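Novice: Provided herewith is a single structure, encoded as structure tokens, for subsequent inquiry.
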Amino acid sequence: MAIFADTNELLQFARTFLRERTDSLQRDVTVCIQGATAAFPALLYCFSTVDLLGALLSGDASSSKGITDRAKAYARRFMHYSEDQCSLLWSIFRHKIVHLAQPKAVRNFKGKKTTWGYWHDDGQHHLRIVPISPPIHEAVTSGLSLDAEQRFEISIRHFVLDIVDSVHAPAGYLHALALKKDLRDNFAKAVTGIYEP
């Protein structure tokens, strides 16, 4: 914890730093989803914020290796997402939007062809796997079809709320940071990685 004079300074810095990040997330995502417009940039900002939180949790903001594992560990621990939800979120939305500018149309998940859907602000569709009946079978080209048996759904506004609550709720990350020295040590290491060249 050498970059902070004491625990109080670390916690004050953490509260300010994380309030700025979560306020920015809420503000920017609101702009993105107004008028049902920029869903993918909104999702990218959500995932990058969880990447940051995973870095703070693990103490590693310098290495690009293991970013996904750190982010998923944060999502499981503080957002209370299941392993399946994390797997689907990262494989369908994060990785493909980052690398292909859009999610892949269908993914095999536990033996079922799974497509995706997003809602800007509808908690009824948040982190759900919904059977498609009858299954989708649509021609994309003369030699290519889209087949799906189920859909993984996400509500962008509720994803943001989950992230914000994971930090600021009474049992959230900031609360745990105040109680656990290992989390404070990791936070200090990650902050060093963020600020040092």
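The values are calculated or read from the model by the stated rules, or taken from the named source; none is laboratory data. What you are looking at is a predicted structure, and each value in this text was computed from that prediction instead of being measured. Virtual Cβ from ideal backbone geometry, glycine too; neighbours counted across all protein chains shown. For the accessible areas, the whole protein counts, side chains as well, though only heavy atoms, and no ligand, DNA or RNA atoms are used. Shrake-Rupley method; radii C 1.70, N 1.55, O 1.52, S 1.80 Å.
Novice: For R184, which of the numbered conditions (1) in contact with a His (Cβ under 7 Å, 6 or more places away or on another chain); (2) among the basic types (K, R); (3) closer than 30 Å to I3 by Cβ fails to hold?
Specialist: (1)
Novice: Within the set of pairs 6 or more residues apart or between chains, which connect a residue that is open to solvent by 40 Å² or more (accessible area, probe 1.4 Å) inside the stretch 108-126 to a residue that is of a type in the set (K, R) and outside any strand (DSSP E or B) with Cβ atoms less than 6 Å apart?
Specialist: Final answer for the pair search is D121/R157.
Novice: Sticking with this structure for a sec: Scan the stretch 147-175 residue by residue and report those that are among the acidic types (D, E), open to solvent by 20 Å² or more (accessible area, probe 1.4 Å) and within 22 Å of H126 (Cα to Cα).
Specialist: E149, D162, D165
Novice: Evaluate the following for A178: is it more than 19 Å from R107 (Cβ to Cβ), open to solvent by 70 Å² or more (accessible area, probe 1.4 Å) and of a type in the set (A, V, I, L, M, F, W, C)? Before the answer, list the steps.
Specialist: On the way: more than 19 Å from R107 (Cβ to Cβ): yes; open to solvent by 70 Å² or more (accessible area, probe 1.4 Å): no; of a type in the set (A, V, I, L, M, F, W, C): yes.
No.
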